[in-house]
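Here is the structure we will look at, set down as structure tokens.
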Amino acid sequence: MMPFDQHIENGLQRGNIEVICGSMFSGKTEELIRRMRRAQIARQKVELFKPAVDARFHDSHIVSHDARSIVSTPVKSASQILLMLQDAAVVGIDEAQFFDDELVNVCNMLANRGIRVIVAGLDMDFKGIPFGPIPELMAVADHITKVHAICVKCGNIAQFSHRLSEKEQTVLLGEKDVYEPLCRGCFREINQNL
């Protein structure tokens with residue numbers, strides 16, 4: 001069987017969990033949208049969810065930095081996904097780092113029901129520390145795709161989201177005005193005190 005395609009075995013749909021992770025500006029949401037559109041082309045019923053706290057681009061759409069978008073349902077907690085889910089074969093979840101730890105149980109329940117679950121989110125916060133439920137999701141995932149940005153300082157592969165603001169709270173929504181992607185060397189040079 002090929003990864004990222006719906007698993008069918010003995011006529012039964014097999015669920016799985018796919019995690020797309022990386023830094024800011026690495027293409028996580030773009031890849032999530034691409035996979036969801038492929039499922040739609042295959043005439044599979046899809047549903048997308050995002051945390052209600054993230055309304056940077058649109059209230060009811062998942063929007064990538066390159067302006068691609070797809071309709072989604074904003075939810076306040078991971079458990080709401082189970083309450084709002086209709087009859088989907090494929091479930092997409094964006095900005096997963098903003099969800100509570102219950103997201104891991106929700107994803108496992110959906111996959112165990114035979115649903116393909118595609119989750120995208122930051123794997124590290126602005127200090128380079130594993131972020132939210134993403135590390136635990138990576139541990140239980142069937143497939144993991146780590147995408148990378150390009151370091152704005154030196155042009156190497158970037159895996160860190162450097163915060164330009166002095167604000168210290170872990171969750172701070174923003175774009176290029178608040179974050180920039182950096183490679184390990186440039187991140188360490190700038191953040192020697194972390």
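Flag set for Gly114, criterion: of a type in the set (Gly, Ala, Ser), assigned to a loop (DSSP other than H, G, I, E, B), at pLDDT 95 or above and under 21 Å from Ile33 (Cα atoms). If you filter the range 134-143 down to residues that are touching a residue at least 40 places away in the same chain (Cβ under 8 Å) and either charged (D, E, K, R) or touching a Leu at 6+ places or on another chain (Cβ under 9 Å) (or both), you find that the one that is surrounded by the fewest Cβ atoms within 10 Å (Cβ to Cβ) is Asp142. Would you pick out the residues in the range 137-163 that are of a type in the set (D, E, K, R), more than 13 Å from the chain's Cα centre (by Cα) and outside any loop (DSSP other than H, G, I, E, B)? Hit for the range 137-163 is Arg163, nothing else. Residues that are more than 10 Å from the chain's Cα centre (by Cα) and either acidic (Asp, Glu) or buried (at least 19 other Cβ atoms within 10 Å of the Cβ) (or both) within the range 31-49 comprise Ile33, Arg35, Met36, Ala39, Val46, Glu47, Leu48, Phe49, listed in sequence order. For the range 117-136, a residue qualifies if it is part of a loop (DSSP other than H, G, I, E, B) and either out of contact with any Ser or Thr (no Cβ under 6 Å at 6 or more places or on another chain) or not acidic (Asp, Glu) (or both), and the qualifying residues are Asp123, Phe126, Lys127, Gly128, Ile129, Phe131, Gly132, Pro133. Of all residues in the range 12-33, those that are modelled with pLDDT of 95 or more and assigned to a loop (DSSP other than H, G, I, E, B) have Cβ atoms under 6 Å from Cβ atoms of residues that are among the hydroxyl-bearing types (Ser, Thr, Tyr) and buried (at least 21 other Cβ atoms within 10 Å of the Cβ), 6 or more apart or on another chain, in Ser23/Ser161. The number of residues in the range 82-124 being of a type in the set (D, E, K, R) and surrounded by 18 or more Cβ atoms within 10 Å (Cβ to Cβ) comes to 4.
The values are calculated or read from the model by the stated rules, or taken from the named source; none is laboratory data. Everything numeric in this text was worked out from a predicted model, so none of it was measured. For neighbour counting, all protein chains shown are included, and Cβ atoms are generated from backbone atoms with ideal geometry for every residue, glycine included.
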